[in-house]
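Q: Sharing a structure with you now.
The values are calculated or read from the model by the stated rules, or taken from the named source; none is laboratory data. Since the structure is predicted, the reported quantities are computational estimates derived from the model, not experimental observations. Please note: Cβ atoms are built from the backbone with ideal geometry, for glycine as well, and neighbour counts cover all protein chains shown.
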Amino acid sequence: MSHTIFLVEDDPGLREELALLLTRYGYTCLTTSRFSGVPEQILASGAQLVLLDLNLPQYDGYHVCRTLRQTSQIPIIVVTSRAGDLDELMSMNLGADDFLTKPYNTQILLARIARLLQRAYPGGPAAPVLSCRGLSLDVGRSEASFGGRTAELTRNEGRILQLLLKNQDRIVSRAELMIALWQSDAFVDDNTLTVNVNRLRKKLEGLGASGFLTTRRGQGYQL
């Protein structure tokens, strides 16, 4: 069972975009377009984490955060266009666990969500097993399996395969992979990614999964 995240964002476009991202990465995402009684909606939903915008109609995010903290310790990440130190300080003083300004790097947001969930729910859901045409990845064990054979992957190999498995319907760019591995596509030797991809490809071929990881010249990689 996946963790459930309650997203409080009044911009319909941003709300839909972020909800799709969270769903793609295995979370159950709940949203609302009714901004009265937001704290009550969150508590009634059974969600395990809140992504909270500050600029909301009726009652702002500070009110939501303050009200939640009166009865709940649910993890709260404030995600807002307000970039002032005072906004961050007020959010933290009212009980927010993290603060991220827009525009944000989606991989950094996902990493902070995962860190908070792991800290708040150490006995939470088991890591998922992802699969594609008989090739499986046990995310928790960082093990790839195919045809009854299993290979242990390094941290980077596992992350590369995980991102490719989650995006089977499209090409994943080299920049996306570099951000997922190193939180940046700058200051990293481009050959480092190539080496990791080639090592992963050899391990998959060793399992009998030849031709699974394909290079799309000038675009990226795809399963």
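Q: Is it the case that Leu30 is modelled with pLDDT of 90 or more and in contact with a Ser or Thr (Cβ under 8 Å, 6 or more places away or on another chain)? I'd like the intermediate steps shown before the answer.
A: Details: modelled with pLDDT of 90 or more: yes; in contact with a Ser or Thr (Cβ under 8 Å, 6 or more places away or on another chain): yes.
When the stated conditions are applied, Leu30 passes them.
Q: When the residues of segment 76-105 are filtered to those that are within 17 Å of the chain's Cα centre (by Cα) and aliphatic (A, V, I, L, M), which remaining residue is surrounded by the fewest Cβ atoms within 10 Å (Cβ to Cβ)? Don't jump to the end; show me each part of the working.
A: Within segment 76-105, the first condition is being within 17 Å of the chain's Cα centre (by Cα), and the residues that meet it are 76-79, 97-105.
Then drop every residue that is not aliphatic (A, V, I, L, M), which leaves 76-79, 100.
Values: Ile76: 26, Ile77: 19, Val78: 27, Val79: 23, Leu100: 16.
The selected residue is Leu100.
Q: Out of everything in segment 118-172 that is assigned to a strand (DSSP E or B) and of a type in the set (D, E, K, R), what residue ends up being modelled with the lowest pLDDT?
A: Asp138
Q: Output yes when any residue across segment 59-69 is under 30 Å from Leu181 (Cβ atoms) and out of contact with any strand residue (DSSP E or B) (no Cβ under 9 Å at 6 or more places or on another chain), and no when none is. If you could, list the steps in order and put the result at the bottom.
A: Of the residues in segment 59-69, the ones under 30 Å from Leu181 (Cβ atoms) are none.
No, because not a single residue in segment 59-69 is under 30 Å from Leu181 (Cβ atoms) and out of contact with any strand residue (DSSP E or B) (no Cβ under 9 Å at 6 or more places or on another chain).
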